[in-house]
1. At q = 0.18 Å⁻¹, what base-10 log of I(q)/I(0) does the Debye formula yield for region 163-204 when every alpha carbon is treated as an equal point scatterer in vacuo?
2. Once you place label points 7 Å from the Cα toward the Cβ at Arg204 and Thr56, how far apart are they in nm?
3. Report for the chain the percent antiparallel among DSSP-assigned beta bridges with both residues inside it, nearest 5.
4. Ratio to report: Rg/Rh of region 132-204, with Cα atoms as the point set and Rh obtained by the Kirkwood method; give two decimals.
5. Take the Cα atoms of the chain, find their three principal axes, and give me the spread along each one in whole Å, biggest first.
6. What is the local net charge at His148, summed over the other residues whose Cβ is closer than 14 Å to its Cβ (Lys, Arg +1; Asp, Glu -1)?
7. Any idea what Rg and Dmax come out to for region 27-118 if you just take the C-alpha atoms, in Å?
8. Please compute the volume of the convex hull spanned by the alpha-carbon atoms of region 113-266 and report it per residue in Å³.
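No lab work stands behind these numbers, since they all come straight from the coordinates. Because the structure is predicted, anything quoted here is derived from the model rather than measured. Cβ sites come from the backbone with ideal geometry, for glycine too, and all protein chains shown count toward neighbours.
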Amino acid sequence: MKPKGTTPGGGSGRRPIVVANWKMYLTAAEAVTRVQQLLTESLPDRVDLVMCPSTTALAGIGQRLAGHTIQLGAQDVFWAAPGPHTGEVSAADLRSLGVRYVLVGHSEHRASAHEHNDVVHRKALAALGHGLSPIVCVGESREDRHQHRHHHVITQQLDAAIRNLPPPDERQELLVAYEPIWAIGTGQPATAADAQEMADVIHRSLLEVFGRDVVARRTRVLYGGSVTPANVGEFVEGQSVHGVLVGTAGLPAAGLGSIVRAVASR
Ligand code: PGA
């Protein structure tokens with residue numbers, strides 16, 4: 001049995017967090033309308049909420065969220081400084097729009113942009129260098145899991161992304177989202193036990209890179225993949241998973257509101 005206080009999840013004390021990833025579903029105007037609807041939902045204070053709309057919606061949503069505690073997140077960032085990079089968006093530009101969080105290495109983006117671990121690392125580094133909090137996404141394929149390679153795959157993805165990163169400063173944090181590819185958008189979530197187990201694997205990697213103090217104060221681990229208002233409670237019940245990354249079920253304002261309230265009631 002592990003001695004008290006050394007559970008991989010590091011114990012509670014972290015605020016629960018819900019990150020909504022709206023992917024490429026909405027136009028900028030539609031996304032702003034959804035956020036206005038969201039602001040009419042009763043959203044409990046004890047849960048952090050981060051909205052990640054598409055890039056075109058960031059400015060409009062940033063204006064609507066002014067004065068609210070809901071934070072703005074981007075779905076991607078380019079690693080280089082402003083310069084000759086057609087089609088890319090810099091961390092400095094995101095920061096200027098009031099963005100605080102940024103997804104890096106989402107499996108859909110890894111697939112469509114053929115993005116490898118070293119690029120995910122550079123993006124996390126650029127984010128931290130510009131006052132953003134990266135949400136590093138890792139996840140194994142169904143095949144990896146069938147072959148019992150999931151611990152290895154997740155550890156490799158994460159180590160490559162976070163090795164040699166500076167620790168997040170006092171205004172930042174580093175989030176890691178465990179998102180098994182086979183659970184994203186399929187209606188087949190991982191079990192809560194699987195999510196906890198993988199969160200513990202992630203926690204061990206975080207501890208090796210950043211040490212106990214930084215991990216306890218500046219990191220959180222999320223689960224993502226077919227999270228719904230009905231199942232979200234199971235994922236955040238234990239000590240290892242501190243929040244969720246939600247796609248489909250968080251697209252309607254009412255659905256996202258229900259998820260936040262369900263997390264708050266745990
Ligand atoms: P999903 O997406 O909730 O629709 O499975 C999660 C994600 O891709 O972040």
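1. -0.67
2. For Arg204 paired with Thr56, the spin-label model returns 4.5 nm.
3. On the way: 0 of 30 bridges.
Looking only at bridges with both residues in the chain, the antiparallel portion is about 0 percent.
4. On the way: Rg = 13.1 Å, Rh = 13.1 Å.
A ratio of 1.00.
5. On the principal axes, the chain reaches 52, 43, 37 Å in Cα extent.
6. Details: positive: Arg142, Arg145, Arg149; negative: Glu140, Glu143, Asp144, Asp194, Glu197.
Within the 14 Å Cβ shell, the charges total -2.
7. Computed over the Cα atoms of region 27-118, radius of gyration and Dmax are 14.3, 44 Å.
8. Numbers: hull volume 18.7 nm³, N = 154.
It is 122 Å³ per residue.
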